[in-house]
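The values are calculated or read from the model by the stated rules, or taken from the named source; none is laboratory data. Just so it is clear, the structure is predicted and the values come from calculations on it, not from any experiment. Ideal geometry is used to build each Cβ from the backbone, glycine not excepted, and the neighbour counts take in all protein chains shown.
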Amino acid sequence: MIKSLDIVSDLGEGFGSYQIADDDSLLQIVSSANIACGFHAGDPRTMASTVQKCIANNVAIGAHPSFPDRVGFGRRGMDLSALEVETDMLYQIGALNGFAQAFGTKLQHVTPHGKLGNYVVEDSKYANAVAEAIAKFDDSLIIVTLPGELAEAAKKKGLRIAYTIFADRAYNTDGSLVSRNQPGAVLHDIDLITSRVLRMVNEGKVTSITGQDITVKGSSLLLHGDTAGSVQMATKIRDSLIANGIIIKSLNATK
């Protein structure tokens, strides 16, 4: 059976004249994009431009909502109420959806960014609030996340789920991501990362930071655009996947 995989990258994570990734090059490689919605990065012009570029490159669009933490790039923890999380989600998804509608397209998915993305895997309060917001906004949207609380909350609401696997992030033995505060959390060896991705896709296995093999599953591979050498890494990973018979397509693609 021929396998397929969605390759996704976080895009539109600049602000005004500033950007941290080569979005134009990555758009030639990925099949989907997580677009920043203004809380950790992004602004109206950046969001509009990124949506238009995705359309031009036939790249599916997803919302990448975050904690309201522009200074910390959404990577700092925040103690918010369920109502705050839900309404922050609705605000951000609605903003990106406005640009999608304006340019004649639709959102494919939602994936929480940074520390919020970590919290929803482990904390039912945050997970339920995020699932509730998505269910209220558009229950056809796919929730892209790691296995955990958000996936379970989404299942209870009948929402679609796609699990994500990470190309350049180290895993703990429980399947969670190693904190960026720890040494070795982000991988940089392109050859190692590529072989690791192929093993995750073909065998459903990855070696954790402690050296133990663990099981992983996912239909969406995340490539971080702000990692050094990200374009070269993404190109090699895509080419290696295709050479191994893996079809690259977005989550909603039928062919």
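Among the residues of segment 48-70, those that are in a helix (DSSP H, G or I) and of a type outside the set (A, V, I, L, M) comprise SER49, THR50, GLN52, LYS53, CYS54. Kindly indicate whether any position in segment 183-193 is touching a residue at least 60 places away in the same chain (Cβ under 8 Å) and within 19 Å of the chain's Cα centre (by Cα). No, there is no match, as no residue in segment 183-193 is touching a residue at least 60 places away in the same chain (Cβ under 8 Å) and within 19 Å of the chain's Cα centre (by Cα). Taken together, the residues in segment 132-170 that are within 17 Å of the chain's Cα centre (by Cα), of a type in the set (Asp, Glu) and at pLDDT 95 or above amount to 1.
Matching residues to (1) in a loop (DSSP other than H, G, I, E, B); (2) surrounded by fewer than 16 Cβ atoms within 10 Å (Cβ to Cβ):
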residue	(1), (2)
GLY72	yes, yes
LEU83	no, yes
GLU86	no, no
TYR91	no, yes
ALA95	no, no
ASP139	yes, yes
GLY158	yes, yes
ILE165	no, no
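Among the strands (runs of 3 or more DSSP E) confined to segment 190-254, the ones with at least 2 residues that are buried (at least 18 other Cβ atoms within 10 Å of the Cβ) and not aromatic (Phe, Trp, Tyr) are located at 220-223.
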